[in-house]
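Structure first, then comments.
Each value in this text was obtained by applying a stated rule to the coordinates, not by laboratory testing. Please read all numbers here as calculations on a predicted model, not as lab measurements. Cβ: placed from backbone, ideal geometry, glycine included. Neighbour counts: every protein chain shown.
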DNA sequence: GCGGATCAC
DNA sequence: TATGGTGATCCGC
Ligand SMILES: Nc1ccn([C@H]2C[C@H](O)[C@@H](COP(=O)(O)OP(=O)(O)OP(=O)(O)O)O2)c(=O)n1
Ligand SMILES: [Mg+2]
C-alpha cells in the first residue's frame, strides 16, 4: 500500500498515472486560449494572485518578536488539540470507482476497454479509466477531451440509474454502520469500531468484506480508506484506486508519518486557491503546514487556522456528528439553474426566469417547504457571474410570488446584464 | 442581509 | 461550435 500510495499521489487524480501532463496542459491551453471563458478565468486568476501578493506583504511586515509571541500561543493551541486527539474511532470512507461511467459499463460491457466519458461535447461528468489514460477527466469540456482522445465515446448521463445503484450500495453500508453518512451518490463515511469489536475483525478485513459485498450486490467496484478521522479516511480511499484500500493504523506516529509528506491539496476543503496561497509561503505538504504553524495563525482567519492546524496534526472530524434521534438533513437552499445559447432578448430571458420559478416552487411544495429569500443568478455571455437576492415579506412556495421577485431583481439589472448564457 | 468566492462531487 | 448543476460555507461589507 505504501508504494502505491506514493505513486498515486505524485499524480493529480486516480487513473492519471503515466499521463503526459505537459502535453495535456498544452492541449487544454491551446483549445481554450482564444475563448471568452479563458479570458474570464485569467482575470479571476489575476485577482487571486493579487490577493496572495497582499498577503505576502502583510507577512513581511510581521515583526519577528510578534511571530515569536504567536508561536508560543500556537503551540499551546496545538497542545490542546493534541490532548483532544481520539484514536478510538475507526472511520471508513468508501468511494465508488469512476461511478457514473461504471454504471453505464454494467449495461454495455463493451465500453469497459474503450475510452468513454459521461456527458457530451460541452461537458464531461466523469470518464472511465481507459479515457483517463489520455488525460480526460471530470469537469473537462468534451470537445477538449476529444482532442486529447479522438476515439473517445460519449454516453448520456442517467441519474435514475445512478440513484438506483447508490441505493444498492447503501443497503450494504447500513449493515456495517446503520448511521452511515452518505455525502453524495457515490461515497459514504462509516464508523466501524463497534462492528469490528462485535465481529472480532480487523478494520482492514472489514473494509475488504464491505467492498466484496458491494461488488457482489452491484457488480461495481469501490475503494476504501480506513483511518481514525474522516478526513484521513477520505485521503486513504483515493490512495489505491481503483478497487483498492488503504489503512492508517490508529497511532499518533502512523498519522504523523503519513502527514509529513502529504500534499495539502489532497485534503478535502483545500482547493486550487488555498493550495496556491499556501504554496506562496512555501507550504506544500501537511508537514510544511505544521512547521509554519505560526505563520498560518498570523495570516489566516480563526476558522481557517483552526482547520489548517487540525489538518497539520491530523485531528478533527473523528466525532460522529451529534444528531437527535429522528434527525433528518435540513436543506438551506433549493435551486434550479440552466445554461442556454447566449441571448439578450429580455422577453425570452423573463420567460426562462418564470419557468425556473415554477420548478423551484414545485420543489418547495414537494418537500413541504417555504422560502424567505429569492436569489437570481445570472451568467453573462463572457462567463462573469452575478447574483441578486431579496428577502420576501413572508415565506412562500407560490410560483408567481417567486417569479415576480426574481423578475424584479432581473429588471433592476437591465442596464448591466446584456447577453446572458445562464439563469438560475 | 447581500454579493462574491471557494469548494465538493 | 462547444466550458454543467446543486448545495454549502466563509469573508467583508
Ligand atoms: N466535477 C464533477 C465531479 C464528479 N461528478 C460526478 C461523476 C462521478 O462519477 C461522481 C463521483 O465523483 P468522484 O469524484 O468520486 O469521481 P469518480 O467516481 O467518477 O472517479 P474516482 O474513481 O476517481 O472516484 O460524481 C460530476 O458530475 N462532476
Ligand atoms: Mg468515486
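A full extension of the chain between residue A:385 and residue A:151 corresponds to an added length of 80.8 nm, given 0.36 nm per residue minus the alpha carbon distance.
Which length gain, in nm to one decimal place, applies between residue A:243 and residue A:370 when the Cα-Cα distance is subtracted from 0.36 nm times their residue separation? Please list the in-between numbers first.
On the way: separation 127, 0.36 × 127 = 45.72 nm, distance 4.32 nm.
The residue A:243-residue A:370 span can extend by a further 41.4 nm.
Put the Cα centre of the range A:397-424 next to the Cα centre of the range A:261-326 and the gap is 39 Å.
So for A:87, A:289, fewest C-beta neighbours within 10 Å to most, what's the order?
Working: A:87 17, A:289 24.
In order of increasing Cβ crowding within 10 Å: A:87, A:289.
Tell me, what is the FRET efficiency for residue A:114 and residue A:39 to the nearest 0.05, using R0 = 35 angstrom and their Cβ-Cβ distance as r?
Numbers: r = 35 Å, r/R0 = 1.00.
E between residue A:114 and residue A:39, to the nearest 0.05, is 0.50.
Hydrodynamic estimate: the Kirkwood radius of the range A:29-166 over Cα pairs, inserted into Stokes-Einstein at 20 °C and 1.002 mPa s, corresponds to D of 109 µm²/s.
With q set to 0.23 Å⁻¹, the log10 of I(q)/I(0) for the range A:338-423, from the Debye formula over equal scatterers at the Cα positions, is -1.09. Taking 0.36 nm per residue of separation and subtracting the current Cα-Cα distance, fully stretching the chain between residue A:57 and residue A:215 would add 51.6 nm.
Sorted largest first, the spans of the alpha carbon positions of the range A:209-274 along the three principal axes are 38, 31, 16 Å. When each of the peptides A:368-376, A:226-234 is scored by the mean number of other C-beta atoms lying within 10 Å of its residues, the order from highest to lowest reads A:226-234, A:368-376.
Which peptide among A:139-151, A:34-46 comes first, and what is the full order, when sorted by highest mean count of other Cβ atoms within 10 Å?
With the highest mean Cβ count within 10 Å placed first, the list reads A:139-151, A:34-46.
What shape does the range A:121-215 have by the C-alpha gyration tensor, where a ≥ b ≥ c are the square roots of the eigenvalues, rounded means a/c under 1.5, and otherwise prolate means a/b greater than b/c and oblate the rest? Note, shape of the range A:121-215 comes out prolate. Across A:303, A:33, A:311, mean-square fluctuation computed from a Gaussian network of chain A (C-alpha pairs under 10 Å connected) peaks at A:303.
Centroid-to-centroid, using Cα positions, the range A:30-86 and the range A:233-253 are 28 Å apart.
Using only C-alpha positions, report the orientation-averaged shadow area of the convex hull of the range A:198-326, nm², one decimal. Don't skip to the end; give the middle numbers.
Values: hull surface 41.5 nm².
Taking a quarter of the hull surface, the average projection is 10.4 nm².
Within the listed set A:131, A:312, A:406, the Gaussian network model of chain A (springs between alpha-carbon atoms below 10 Å) gives the highest mean-square fluctuation for A:406.
Is chain A best put as rounded, prolate or oblate by its Cα gyration tensor, with a ≥ b ≥ c the root eigenvalues, rounded for a/c under 1.5, and otherwise prolate when a/b is larger than b/c, oblate when not?
On the way: a/c = 1.40, a/b = 1.20, b/c = 1.16.
The shape class here is rounded.
Computed over the range A:190-246, the P(r) tail beyond 16 angstrom holds 42 percent of alpha carbon pairs.
In chain A, helical runs assigned H by DSSP with n ≥ 4 each contribute -39500 (n - 2.57); averaged across all residues and rounded to the nearest 500, the mean residue ellipticity at 222 nm is -15500 deg cm²/dmol.
Nearest-5 percent of antiparallel DSSP beta bridges in chain A? Mind dumping the intermediate values first?
Numbers: 31 of 37 bridges.
Beta bridges within chain A, antiparallel portion: roughly 85 percent.
Build a GNM of chain A with springs between Cα atoms under 10 Å apart, and of A:120, A:316, A:271 the one that fluctuates most is A:271.
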